[in-house]
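Below: the structure, in structure tokens.
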Amino acid sequence: MKKSNFITLDSLSLQEFDENSELIPLMTPEDEEEINKEDLPETLPILSLRNTVLFPGVVIPITAGRDKSIKLINDANKGSKVIGVVAQKDESIENPTAKEIHETGTVAKILRVLKMPDGNVTVIIQGKKRFKVAEVITEDPYMNATVREIPEARPALKNKEFMAIIESIKDLALEIIKESPNIPSEASFAIKNIESSSFLINFVSSNMNLSVPEKQVLLEMDDLKKRALATLKFMNIEFQKLELKNDIQSKVQMDMSQQQREYFLHQQMKTIQEELGGVSHDEEIDEMKAKASEKKWDEKVAKHFEKEIAKMQRMNPQVAEYSIQRNYLELFLDLPWNEFSKDKFDLKRAMKILDRDHFGLEDVKRRIIEYLAVLKLRNDMKSPILCLYGPPGVGKTSLGKSIAEALGREYVRISLGGLRDEAEIRGHRKTYIGAMPGRIIQSLKKAGTSNPVFVLDEIDKLSNSHQGDPSSAMLEVLDPEQNSEFYDNFLELGYDLSKVMFIATSNSLSTIQPALRDRMEIINVTGYTIEEKVEIAKRHLLPKQLKEHGLTDQHLKIGKPQLEKIVEGYTRESGVRGLEKQIAKMVRYAAKNIAMEDEYNIKVSNEDIIEVLGGPKLERDKYENNNVAGVVTGLAWTSVGGDILFIESILSKGKGSLSITGNLGKVMKESATIAMEYIKSNADEFGIDTAIFDKYNVHIHVPEGATPKDGPSAGVTMLTSLISLFTQRKVKKSIAMTGEITLRGKVLPVGGIKEKILAAKRARIKEILLCEENRRDIEEIKPEYLKGLTFHYVTDMSDVIKLALTNQKVTNPKKL
């Protein structure tokens, strides 16, 4: 059976509303009897059909395109709505005559007329009863003919054979509907609800896949039982064809393997991608293979790539793993395997670059030049791991950029501050969602060569978490014996880092893991002297700020005396970051006046500095007088460089207790206790009455209590302060000291000597007292920086007292 026109017509039910908006029901036996009683008109307008046959009781849509047919339908629709419908013998004839149509047709009633946008007319008609054309009366404007009714021989209602045929037709029709994918399931509902036997035969005959002549034969059969048998015969043939067709399709579908299905789908996908302007799966793989052929990797890496590209080739592009595999292979191809930039071994040029970019830092420059010299001679030396250690703002990070330029290598900076995930160094495994390579591999991809200069910034600020210890992951990266096969979890293959020059920077060595610190060569980048800061400001900072603010040296000039005033009065640091901020303020002052067209001094004076920056903020950082017993100047190291501090001691009547204030750490408090006990045990040597220790309380205070302080280097200062207090002797004028003490009376060396010396010069100190073992630190400092300073080297506490105290009593000494 074909798709039933009784069910749908372009989504419009043919059980539609008629002109009176009443639903047309399926034909019942009562309806059929009522139609049979109706008299047939003597003449009817004849509508010829090209490709179908109308059966009594059946509702079908017909599209009329011929002018004669359209006029016939319009005229009939205005009148009785009854027409005669006859099939053409030859459907190719445009205007058939009486001889070119069949004699037997069906009387039809027009149910609804629909005008189409293309000018055609669609009419919905329902067959009533059969007729035979007696004589054609006219053919213009359309065919009119006299007709006569054809009687129909019907078997008795209780004829068992006929009823069996009807039941067979109904059952077979339901089977055909069930097996055919083209017939809607609603058709089975219609079949089950047909009560009239003749209407069931006509309905099935109308909807079978038969030719017009075959349907015409069925229509012309006067015996209803014969017509039912003929219909059942055609239905059996159609059902057999349908079964055979479904069986063939099933076999073909079973024979098609999964591989063939995938191939077919891949071909479709390829076509779609090409239509959309994309790259197909095969083209993408071909591009990767072509790119791989240009790579300089060894056999092991090449074999691994071939294995991974073969895996991708077997993958369906629609699965999630495909994109992961593609990202992996793209990274693999983007990495600079065995690609190196050529080093420039012009040591004089390298020295000029280092001197141009950084004033001072002689030790660091000398170490870089040494490295270049060895590399030039051997040309196969593994790159060392340098760690530039020092306070902020001294140029540790910018040194890396200068080194890269001097070597002619690519420069890469990785900030490690606050990094707490081990996967940031080693990468994630590919099986994880959002997997990525580590920062080392990512940076190599960015650099484009396998021998860049890596600056690992703030390596002392790596932190631990539940996601692992990044500092432990750095052990393999920074070990020259291991990093030739650095394993990244995402890459799943060893990568040679031995040619990379790693330069780490750190503000503190105490927070670096000992094993990691052992793998690096520590280079101490100390602070700058006042003279160095002035030169740096003149050569680098002022030109940089003028450029950033859109000015030139014709708009603002700051002389050396004024720069020195800014350094001394407005900055207290080892580096120059704070100095640069103050210079930026001066430049902004000039920029504002230029923009507002106000007058200002192009050559900055001391008064201009005070006007812009305010009064000097750090004048307190000067040596104080020695007229008070128990006040001694010490030298301290801080995270921002050297500084001076004052230790004050005082006696009060009590029972000999010792109290210490000033936000001091545990080590510093221990130094005070050691100094006190040493004095008690050697009171006779210093001329101190031991009764004092039981009658007076001693209080030691270190000013600037808001600032935490700790360390052993204040030991000699505390000892001097206490003996000055107990003996009421003056401390030598313009002297400062630093050193650790022991209960045996020994003075031990301390660190941060250069920073402390710079702090002493800022404070106008003339003499400095140090441990004998710190002499080598002084010898490493340039003589011009030590101009105006006198150094005293000691090994014992008694030497400290002899050098630091005078025999002169303080004004108004305290009576003990």
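The values are calculated or read from the model by the stated rules, or taken from the named source; none is laboratory data. For clarity, every value in this text was computed on a predicted model and none was experimentally measured. Here Cβ is always computed from backbone atoms with ideal geometry, including for glycine, and neighbour counts include all displayed protein chains.
Name the residues in region 571-611 that are within 30 Å of residue 526 (Cβ to Cβ), of a type in the set (A, V, I, L, M) and touching a Lys or Arg at 6+ places or on another chain (Cβ under 8 Å), would you?
Answer for region 571-611, where residues must be within 30 Å of residue 526 (Cβ to Cβ), of a type in the set (A, V, I, L, M) and touching a Lys or Arg at 6+ places or on another chain (Cβ under 8 Å): 576, 579, 604, 609.
So that you can scan it fast, the table gives a plain yes or no per residue for (1) closer than 24 Å to residue 346 by Cα; (2) without any contact (Cβ under 8 Å) to a residue 40 or more places away in the chain; (3) surrounded by fewer than 16 Cβ atoms within 10 Å (Cβ to Cβ); (4) touching a strand residue (DSSP E or B) at 6+ places or on another chain (Cβ under 6 Å):
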| position | (1), (2), (3), (4) |
| --- | --- |
| 407 | yes, no, no, no |
| 417 | no, no, yes, no |
| 423 | no, no, no, no |
| 432 | no, yes, yes, no |
| 442 | no, yes, no, no |
| 446 | no, yes, yes, no |
| 452 | yes, no, no, yes |
| 463 | no, no, yes, no |
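Residue 693: under 18 Å from residue 632 (Cβ atoms), over 54 Å from the mean Cα position of the chain (by Cα) and aromatic (Phe, Trp, Tyr), yes or no?
On the way: under 18 Å from residue 632 (Cβ atoms): no; over 54 Å from the mean Cα position of the chain (by Cα): yes; aromatic (Phe, Trp, Tyr): yes.
So residue 693 fails the test.
Restricting the first residue to region 171-183 and requiring it to be free of Cβ contacts under 8 Å to residues at least 24 places away in the same chain, which pairs with a second residue that is surrounded by 14 or more Cβ atoms within 10 Å (Cβ to Cβ) and not small (Gly, Ala, Ser) meet a Cβ separation below 8 Å and a spacing of at least six or different chains?
Qualifying pairs under 8 Å: 174/191.
From the set of residues in region 548-581 that are crowded, with 18+ Cβ neighbours inside 10 Å and among the β-branched types (Val, Ile, Thr), which is modelled with the lowest pLDDT?
Of everything passing the filter in region 548-581, 571 is modelled with the lowest pLDDT.
I want to confirm something. Restricting to region 698-718 and keeping residues that are surrounded by fewer than 23 Cβ atoms within 10 Å (Cβ to Cβ) and at pLDDT 90 or above, which single residue is farthest from the chain's Cα centre (by Cα)? Spell out the reasoning first.
Quick first cut of region 698-718, residues surrounded by fewer than 23 Cβ atoms within 10 Å (Cβ to Cβ) only: 699, 701, 703-712.
From what's left, at pLDDT 90 or above: 699, 701.
On the way: 699: 60, 701: 54 Å.
Here the residue is 699.
Rundown of residues vs (1) modelled with pLDDT under 85; (2) closer than 27 Å to residue 485 by Cα; (3) assigned by TED's automatic domain parsing to the domain that holds residue 540; (4) of a type in the set (S, T, N, Q), yes/no style:
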position	(1), (2), (3), (4)
320	yes, no, no, no
329	no, yes, no, no
352	no, no, no, no
356	no, no, no, no
359	yes, no, no, no
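Looking for something among the polar types (S, T, N, Q) and either part of a loop (DSSP other than H, G, I, E, B) or touching a strand residue (DSSP E or B) at 6+ places or on another chain (Cβ under 7 Å) (or both) - is there at least one such residue anywhere in region 757-776?
no
Would you call residue 666 modelled with pLDDT of 85 or more, closer than 18 Å to residue 796 by Cβ and in the same structural domain as residue 730 (by TED's automatic domain parsing)?
Here the answer is no, as residue 666 does not meet what is asked.
Since residue 117 meets every condition but one in (1) crowded, with 18+ Cβ neighbours inside 10 Å; (2) under 60 Å from the mean Cα position of the chain (by Cα), which condition does it not meet?
The failed condition is (1).
Name the residue, out of 806, 811, that is on the phi < 0 side of the Ramachandran plot and either part of a strand (DSSP E or B) or at pLDDT 90 or above (or both). Can you show your working first?
Values: 811 fails: either part of a strand (DSSP E or B) or at pLDDT 90 or above (or both).
Going through 806, 811 in turn, the sole match is 806.
Among the residues of region 582-606, count how many are loosely packed, with under 14 Cβ neighbours inside 10 Å and not in a loop (DSSP other than H, G, I, E, B).
Final tally of qualifying residues: 4.
Checking the condition more than 22 Å from the chain's Cα centre (by Cα) and more than 30 Å from residue 579 (Cα to Cα), which residue from 507, 464, 489, 524 passes?
464
Pairs needed: first member in region 550-561, closer than 15 Å to residue 531 by Cα; second member anywhere, part of a loop (DSSP other than H, G, I, E, B) and at pLDDT below 85; C-beta distance under 8 Å; at least 6 residues apart or different chains.
Once the first residue is closer than 15 Å to residue 531 by Cα and sits in region 550-561, no partner that is part of a loop (DSSP other than H, G, I, E, B) and at pLDDT below 85 comes close enough.
Looking only at region 683-704, which residues are of a type outside the set (Lys, Arg) and in contact with a strand residue (DSSP E or B) (Cβ under 7 Å, 6 or more places away or on another chain)?
Once the filter is applied, which keeps residues that are of a type outside the set (Lys, Arg) and in contact with a strand residue (DSSP E or B) (Cβ under 7 Å, 6 or more places away or on another chain), region 683-704 yields 696, 697, 698, 699, 700, 701, 702, 703.
Answer yes if at least one residue in region 172-180 is out of contact with any helix residue (DSSP H, G or I) (no Cβ under 9 Å at 6 or more places or on another chain) and surrounded by fewer than 15 Cβ atoms within 10 Å (Cβ to Cβ), and no otherwise. Don't jump to the end; show me each part of the working.
To start, the set of residues in region 172-180 that are out of contact with any helix residue (DSSP H, G or I) (no Cβ under 9 Å at 6 or more places or on another chain) comprises none.
Looking through region 172-180, none of the residues is out of contact with any helix residue (DSSP H, G or I) (no Cβ under 9 Å at 6 or more places or on another chain) and surrounded by fewer than 15 Cβ atoms within 10 Å (Cβ to Cβ).
I'm checking my understanding of the structure. Among residues of region 120-157 that are in a strand (DSSP E or B) and among the polar types (S, T, N, Q), which one is nearest to residue 61 (Cα to Cα)?
122
Given (1) within 30 Å of residue 636 (Cβ to Cβ); (2) modelled with pLDDT under 85; (3) among the hydrophobic types (A, V, I, L, M, F, W, C), identify the lone condition not met by residue 473.
All conditions pass for residue 473, except number (1).
Scan region 548-568 and tell me whether some residue there is part of a helix (DSSP H, G or I) and more than 24 Å from residue 644 (Cα to Cα).
The answer is yes; a qualifying residue exists.
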